[in-house]
Amino acid sequence: MKNNLNLKSINKVELLSFPSFSDHNGVLTVLDNIDLIPFKVARFFTVSAEKKAIRGQHAHKECSQLLISVSGSIEVICDDGYKKSKYLLDASNLGLLIPPGVWAQETYLKDNTILMALCDLPYDADDYIFDIEQLRQLKQQNNKITKLNNNDK
């Protein structure tokens, strides 16, 4: 882990829309344009859960994630340690970009909901922050280091 982390604020969370095509046989959502995903995908996984399940409840120190509900509906609450925002993922053509330093909690709103997560880094257990107070402390330390580095220039 780096000493000077690039922990972002809630202002960097972004709801993205992807091209989708509907006809009488269903809906096709396309992610083939590399510009649609703002990072090279190093890992992806899916999570299946039933209605009222709560998942996530963590932030990352360095990893960015793009969350997409491929089936069902998910409410995502993002918290940067200072401000919160709420998003609804209820279509496969919507993705929520969550940068490092933003806590995310997903509440599954329908049975048989499936979440797909695309990540810019491989799995690293040390990258996870499971305590919102620890996130606040890391951000305060990071801000002090950044100010010191800027004063040295």
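The values are calculated or read from the model by the stated rules, or taken from the named source; none is laboratory data. Since the structure is predicted, the reported quantities are computational estimates derived from the model, not experimental observations. Note that we place each Cβ from the backbone using ideal geometry, even for glycine, and neighbour counts take in every protein chain shown. In case anyone asks, the SASA skips ligands and DNA or RNA and just uses the protein heavy atoms, side chains included. Shrake-Rupley method; radii C 1.70, N 1.55, O 1.52, S 1.80 Å.
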- prompt: What number, in percent, do you get for the relative contact order of the chain if the mean sequence gap of Cα pairs under 8 Å and at least 6 apart is divided by its residue count?
  reply: 33 percent
statement: Under the rule rounded for a/c under 1.5, else prolate if a/b exceeds b/c, else oblate, using alpha carbon gyration tensor axes a ≥ b ≥ c, the chain is classed as prolate
field: Nearest-0.05 FRET efficiency for N143 and L15, computed from C-beta distance (R0 22 Å)
entry: 0.25
- prompt: In Å², what does the accessible area per residue of the chain work out to with a 1.4 Å probe?
  reply: 59 Å²
- request: Please list, in chain and number order, the residues 5+ apart from D80 or on another chain whose amide H is under 5 Å from its amide H, with Hs placed from the backbone.
  value: I10, W103
- line: Measuring from the longest principal axis of the C-alpha atoms of the chain, the long axis of helix 132-151 (C-alpha) lies at a number of degrees, nearest 10, equal to 50 degrees
query: Roughly speaking, to the nearest percent, how much of the range 64-123's 1.4 Å accessible area is carbon and sulfur?
result: 54 percent
message: Suppose each label sits 7 Å from its Cα in the direction of the beta carbon; what would the F39-D90 distance come out to in nanometres?
response: 2.8 nm
- request: Rounded to whole Hz and in sequence order, give me ³J(HN,Hα) for the range 68-80 from the Karplus expression 6.51 cos²θ - 1.76 cosθ + 1.60, θ = phi - 60°, writing x for Gly and Pro.
  value: 9, 8, 7, 7, x, 9, 9, 9, 10, 9, 10, 9, 9
- line: Phi angles of the range 38-44, converted by Karplus (6.51 cos²θ - 1.76 cosθ + 1.60, θ = phi - 60°) into ³J(HN,Hα) in whole Hz with x for Gly and Pro, give x, 7, 6, 6, 9, 7, 9
field: Helical contribution to [θ] at 222 nm, DSSP H n ≥ 4, -39,500 (n - 2.57), averaged over the chain, rounded to 500
entry: -4500 deg cm²/dmol
- prompt: So what's the gap between the Cα centers of the range 59-80 and the range 86-147, to the nearest angstrom?
  reply: 5 Å
